[in-house]
């Protein structure tokens with residue numbers, strides 16, 4: 001017997017019992033983004049490899065170690081499964097001249113791919129929501145995106161989420177700071193770990209984000225980028241923090257926050273969540289004013305972020321929303337009433353309600369007791385029971401499964417009103 005084929009390690013299936021919570025997150029996120037005027041945009045999951053080398057940075061861990069890259073079997077072109085979304089959105093904006101009539105706010109979501117060791121909140125195929133404000137220069141857009149995420153956390157019911165922000169300046173400030181870092185780390189070369197030594201002359205800024213406990217004292221004493229910022233960069237960051245203060249959003253300025261991509265400048269930020277036994281960044285981003293020009297477009301300032309779906313789902317799974325994906329009605333029926341139940345379910349759906357009909361073999365209808373167990377297990381708010389006597393009277397029996405267990409005979413219109421009342425009661429409670 002042949003061995004069963006299983007999914008690729010780090011690339012997971014989404015099963016029906018988990019889908020309702022994912023749908024809840026997708027719907028809530030879309031609603032919040034659209035409140036702020038962001039429009040949906042989609043790009044391919046496969047892009048030319050040079051796109052990511054030029055945008056993310058040739059000496060970053062993603063480009064050096066983590067990309068799924070291959071040669072096109074038709075023409076030999078180097079291609080890569082996207083490891084992040086920003087570069088593809090910027091490429092599309094340039095290719096389709098998206099900014100010809102002014103700045104654009106866009107968002108997308110979908111799978112991303114990085115070849116790394118799977119662990120909690122980190123998979124080889126993972127999903128992200130990605131937001132980009134293309135062509136906007138002011139600090140108001142930086143703050144807008146941070147506040148938009150705060151609103152999303154509130155809508156999702158998250159409480160233990162904190163914000164860290166920083167300014168990494170523009171090119172000249174980073175160049176001067178980089179030179180100071182190289183000199184500093186060279187003077188302490190014997191204390192550097194292998195990653196820091198490898199990055200010393202290519203990307204020393206990333207060493208400031210080292211998680212190696214043995215290097216923390218050395219990193220803490222390193223030259224601070226804030227000491228190299230010019231007046232324009234300082235004013236921009238002050239504008240961001242002033243708007244966050246105005247919106248009542250708590251934050252911590254973290255001078256070691258640098259993010260992992262070369263294209264960032266000025267504002268960078270991360271939202272960090274704490275679960276029962278974990279703490280992870282669930283969203284992060286910042287400003288990238290030079291990326292559009294770097295990829296061949298007309299220079300335009302921009303700002304954006306990515307949000308990790310699997311990591312956000314870890315919080316939702318610990319505190320699942322009570323009403324995510326809940327059925328309004330589960331229909332059970334007596335022998336000979338399957339067609340009536342099937343038609344009634346369609347009538348309920350015509351009125352905007354959700355309904356499922358108990359399935360059965362052609363000549364073997366399960367007992368009411370068995371069907372009611374299935375109704376309760378489905379999570380539906382109500383069971384609608386169709387017996388011969390009820391149908392002869394033009395009515396149905398409606399039983400509450402989640403509140404008080406009450407049961408009443410109703411007409412179709414009465415049942416629809418009762419189910420919609422339960423909908424509204426849930427909306428008010430949430």
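Diffusion of the chain by Stokes-Einstein, at 37 °C in a medium of 0.692 mPa s and with Rh set to the Kirkwood radius over alpha-carbon pairs, works out to 131 µm²/s.
Kirkwood-type hydrodynamic radius, the stretch 66-159: 16.0 Å, calculated from all non-identical alpha-carbon pairs.
Using every pair of separate Cα atoms, the Kirkwood estimate puts the hydrodynamic radius of the stretch 47-99 at 11.7 angstrom. In terms of other Cβ atoms within 10 Å, 353, 40 run from fewest to most in the order 40, 353.
Quick check on the chain: helices-only [θ] at 222 nm, where DSSP H runs of length 4 and up contribute -39,500 (n - 2.57) each and the sum goes over total residues. Nearest 500, please.
On the way: 14 runs with 161 residues, N = 430.
One gets -11500 deg cm²/dmol as the mean residue ellipticity at 222 nm.
Distance between the modelled labels on residue 39 and residue 242, one decimal in nanometres: 3.1 nm (7 Å Cα→Cβ projection).
The length gained by stretching the chain between residue 120 and residue 253 to full extension, at 0.36 nm per residue less their Cα-Cα distance, is 45.2 nm. One way to sum up the overall shape of the stretch 329-429 is the equivalent ellipsoid from its Cα gyration tensor, whose semi-axes run 21, 15, 12 Å, largest first. Going by neighbour counts of Cβ atoms within 10 Å, the residues 127, 96 line up, fewest first, as 96, 127.
Taking only Cα atoms of the stretch 141-181, what ratio of Rg to Rh do you get with Rh as the Kirkwood inverse-distance radius?
1.24
Listed by Cβ neighbour count within 10 Å, with the fewest neighbours leading, 36, 288 appear as 36, 288. Between the C-alpha center of the stretch 323-352 and that of the stretch 43-119 there is a gap of 45 Å. For the stretch 211-240, the residues whose amide N sits under 17 Å from a probe point set 7 Å from the Cα of residue 188 along the beta carbon direction are 211-227. In this rough spin-label picture, where each label sits 7 Å from Cα along the Cβ direction, the residue 224-residue 347 distance is 7.2 nm.
Please state, as a whole number in µm²/s, the translational diffusion coefficient that the Stokes-Einstein equation yields for the stretch 1-129 at 20 °C and 1.002 mPa s, with Rh defined as the Kirkwood radius across alpha carbon pairs. The calculation lands on 127 µm²/s.
Considering only 313, 74, 41, the mean-square fluctuation computed in a Gaussian network model of the chain, springs between alpha carbons under 10 angstrom, is largest for 74. Looking at the chain only, what percent of DSSP beta bridges run antiparallel? Nearest 5 please. Once the DSSP bridges in the chain are tallied, antiparallel ones form about 80 percent. Largest GNM mean-square fluctuation across 118, 16, 83, computed for the chain with C-alpha springs under 10 Å, falls on 16. Extension gain, residue 155 to residue 5, is 50.0 nm, computed as 0.36 nm per intervening residue step minus the present C-alpha separation. Have a look at 327, 99, 391 and tell me which one the Gaussian network model of the chain (Cα, springs below 10 Å) gives the largest fluctuation. Looking only at 327, 99, 391, the largest GNM fluctuation is found for 391. With just the Cα atoms defining each centre, how far is the stretch 135-149 from the stretch 278-312? Give it in Å. Here the answer is 12 Å between Cα centres.
Coordinate-derived values only; no laboratory data. As the structure is a computational prediction, the values presented were derived from the model and not from experiment. FYI the Cβ positions are ideal-geometry reconstructions off the backbone, even for glycines, and counts take in every protein chain you see.
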